[in-house]
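Notes to accompany the following structure.
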Amino acid sequence: MGETAPPAMSSQRPYLLRALYEWIADNGMTPHVLVDARMPGVRVPAHAVKDGRIVLNIAERAVAKLELGNDSIRFTARFAGVSQSVMVPLEAVIAIYSRETGQGMAMPDEPRTPPAAQADAVEIEQAAETPSGDATETPETPPEPPKRGGHLRIVK
């Protein structure tokens with residue numbers, strides 16, 4: 001008899017986000033999420049996006065109607081005094097952390113099952129990383145020499 005593969009598990013991201021949110025809030029800290037605003041489905045104020053990313057304060061006192069769902073984070077918040085609806089698919093969440101201490105966690109990558117989908121996703125991810133200004137170097141690219149500071153000499 002042939003072995004059958006175990007059933008696929010659901011994403012761990014929503015569970016990790018909810019647990020870390022609770023941990024940060026229970027310790028009296030302010031939970032923030034770092035979001036890749038270039039991902040499809042992200043609804044955030046464009047003026048608050050910097051280098052394709054946005055940091056959102058999701059503390060209970062900063063937002064209304066917070067929903068940490070299995071597919072997305074949704075809430076209403078004020079940006080520059082204007083109330084706006086925010087929606088962030090969980091795939092766009094890069095990290096969750098405490099504003100005060102910086103403690104938290106970067107979200108793990110989700111495994112992708114179909115090999116064809118993996119190849120497409122890798123190409124898209126690589127294309128998305130290029131314009132962000134992140135300093136990523138490939139082995140084929142030699143590193144830039146360090147910039148030299150001032151030329152001071154000790155004179156006796």
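Coordinate-derived values only; no laboratory data. Keep in mind the model is a prediction, meaning the values are calculated, not measured. Positions of Cβ are backbone-derived with ideal geometry, glycine not excepted, and every protein chain shown enters the neighbour counts.
Which residues' amide hydrogens lie under 5 Å from the amide hydrogen of residue 84, considering only partners 5 or more residues apart or on another chain, with H built in the peptide plane?
Residues meeting the criterion, in which the H sits 1.01 Å from N, are 77, 78, 79.
How would you rank 84-95, 39-50, 21-32, highest first, on the average number of other Cβ atoms within 10 Å across their residues?
84-95, 21-32, 39-50
Please list the non-local residues whose amide H lies under 5 Å from the amide H of residue 58, H modeled 1.01 Å from N, same-chain partners needing a gap of 5 or more.
For residue 58, the qualifying residues are 32, 33.
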